[in-house]
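Each reported figure results from applying straightforward, stated rules to the coordinates on display, with no laboratory input. From a predicted model like this one, the values you see are computed outputs, not experimental measurements. Ideal geometry is used to build each Cβ from the backbone, glycine not excepted, and the neighbour counts take in all protein chains shown.
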Amino acid sequence: MRKVVTIVGARPQFVKASALSRAFLRSGMEEILVHTGQHFDDNMADIFFRQMEIPQPAYNLEIHSLPHGAMTGRMIEETEKVLLKEKPGVVVVYGDTNSTLAGALAAAKMHIPVAHVEAGLRSFNMEMPEEINRILTDRISSFLFCPTETAVENLKKEGFSNFPARVFNIGDVMYDVALHYSEKSSLKSHIISDLKLSGKPFILATLHRQENTDSKERLEEICNALNQLSHEYPIVLPLHPRTRKVLAESRIVLDFAPIDPVGYFDMIELMKNCAFVLTDSGGVQKEAFFFKKHCLVARDETEWTELVDLGYNFLVGADENAILTASQLVSGLNLSFSENPYGTGNAAEKISDILRSI
Ligand code: UD1
Ligand code: UDP
């Protein structure tokens, strides 16, 4: 297989695509990048292409800021047009966003094999749009690239051995990315000195998942906890535009100033230098671990269960008291973060080799 169409649209997908685009290039494959446009601010989109040297998308569908059905539907329609024109041998999709599902559906209906990177993850919470997207994408994919053994097991339990799809545990592409840019980010980012945080323990927080932003009670609990913690530690909260909008419309007040979303290099430096992380992000939960930091997960369940099982990450939900208690706990922990369930940092290479050989 020589020609691949890759669908990206949201921030975590740009990060992941950086590793696979490099691997495709090295192995002489032709990759056509399609950006659905789901994320569109410079600091949510273009900055990743610039910093991480991701090839410019051949297509930008410019579809964003719509309800789920309208967004996904328009993306399917426009992706189909691209696939009719490009006729790739395989379509690669990442993760669990609306762009993922739309890309997979458009391809599967045209009988183009779909390769799903980050297959098999389950939170078992069907109210999350991400859970719906990942289950449906897995079911119509031909190549299921799982990041962990847990993900492989999830697929087995759902009967995937009865389907024609091929399942691989190749490790986590985000680990490849973290390793690749770790040194470069130290050289390129000045965020620690810019924020006057050198030598100071601070908390890095991110918050954007619909389950938290769309519930005033949950958002209030998390913000109350952050406000309490801000009397003890500086809080660095690069605020997703979704959360900024909701906070502006609600009467929830932060006692500290959030910052705008940052690029990947700044994010990595924040991760390396913080005391611990509080997040509802999928990717940030793992990156905290890659940089040996404990992470409080502001969700009721996670698809990255290994880190909770290993005692590195803590599920705190949207519960002010649980967040404050866990903050005290992790401040006193001294674990070595020695077990790594996410492979060896060559997931992208493995995916590219498999797709090239079909
Ligand atoms: C999406 C994904 C989520 C992922 C997140 C990564 C779905 C269902 N959700 O959520 O799984 O964790 O991306 O960040 O696909 N907005 C801007 N500027 C931007 C991007 C978004 O203002 O650059 C605004 C949009 O106008 C919209 C809101 O943020 O009002 C939400 O954006 P949307 O893409 O629908 O979902 P995310 O919350 O980003
Ligand atoms: N990220 C970033 N800047 C930020 C917040 C996140 O570069 O201000 C990176 C983060 O390091 C990770 C990816 O974006 O690589 C995760 O994206 P996000 O949290 O938006 O999505 P999720 O992983 O929850 O789907």
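Brief remarks follow.
- Couplings for the range 295-308, taken from phi via the Karplus curve 6.51 cos²θ - 1.76 cosθ + 1.60 with θ = phi - 60°, read 9, 8, 9, 7, 9, 7, 8, 9, 7, 9, 5, 4, 6, 6 Hz in order; Gly and Pro are left as x.
- Over the range 185-251: Kirkwood hydrodynamic radius from C-alpha pairwise inverse distances, Å: 13.4 Å
- Descending principal axes extents, the range 253-358, alpha-carbon based, whole Å: 54, 32, 24
- Each residue of the range 340-350 is assigned a 3J(HN,Hα), and the resulting list reads 10, x, 9, x, 10, x, 10, 4, 4, 4, 5 Hz, derived from the Karplus form 6.51 cos²θ - 1.76 cosθ + 1.60 (θ = phi - 60°), x at Gly and Pro.
- Where only DSSP H runs of four or more residues are counted, the chain gives -14000 deg cm²/dmol as its mean residue ellipticity at 222 nm, each run worth -39500 (n - 2.57).
- In the range 211-358, lysine pairs closer than 14 Å at Cα, eight or more apart or cross-chain: 4
- Close amide H partners of I32, meaning residues 5 or more places away or on another chain with modelled amide H under 5 Å apart, are V4, V5, T6.
- GNM flexibility winner over the chain from P164, P113, P12 (Cα, springs under 10 Å): P164
- Taking a ≥ b ≥ c as the square roots of the eigenvalues of the alpha carbon gyration tensor, the range 61-167 is oblate, as a/c is not under 1.5 and a/b does not beat b/c.
- The HN-Hα couplings worked out from phi for the range 270-279 by the Karplus form 6.51 cos²θ - 1.76 cosθ + 1.60 (θ = phi - 60°) are 4, 5, 5, 9, 7, 7, 6, 10, 10, 7 Hz, whole numbers, x standing for Gly and Pro.
- P(r), alpha carbons of the range 41-104 - 5 Å bins starting at zero, rounded %: 3, 15, 22, 26, 22, 11, 1
- Partner aspartates and glutamates whose Cα lies under 13 Å from the Cα of K156, excluding those fewer than 8 positions away in the same chain, are identified as D138.
- Take the Cβ atoms of F124 and F337, set R0 to 30 Å, and the FRET efficiency comes out at 0.70.
- Filtered GluC sites (Glu not before Pro), the range 109-160: DSSP coil and at most 13 other beta carbons within 10 Å: E127
- In this structure the amide hydrogen of L197, modeled in the peptide plane, comes within under 5 Å of no amide hydrogen from residues 5 or more places off or on another chain.
- Cα convex hull volume per residue for the chain (Å³): 125 Å³
- Charge sum, other residues only, whose C-beta stays under 12 Å from E183's C-beta, Lys/Arg counted +1 and Asp/Glu -1: +2
- Simple spin-label estimate for S357 and A248 in nanometres, 7 Å along Cα-Cβ: 5.1 nm
- The calculated P(r) of the range 106-238, using every Cα pair and 10 Å bins from 0, goes 10, 26, 25, 26, 11, 2 in percent.
- Relative contact order of the chain, pairs being alpha-carbon contacts under 8 Å that are 6 or more residues apart, as %: 17 percent
- Neighbourhood charge, 13 Å Cβ-Cβ cut-off, centred on K87 and excluding it, Lys, Arg +1 and Asp, Glu -1: +1
- Label zone at D46 (point 7 Å along Cα-to-Cβ), backbone N below 18 Å, the range 1-24: 9-11, 14-15
- Backbone amide hydrogens, once placed in the peptide plane, bring I259 within less than 5 Å of L237, L239, excluding anything fewer than 5 places away on its chain.
- Aspartates and glutamates with Cα under 13 Å of K16, excluding same-chain neighbours fewer than 8 positions away: E53, D96, E118, D172, D176, E287, E349
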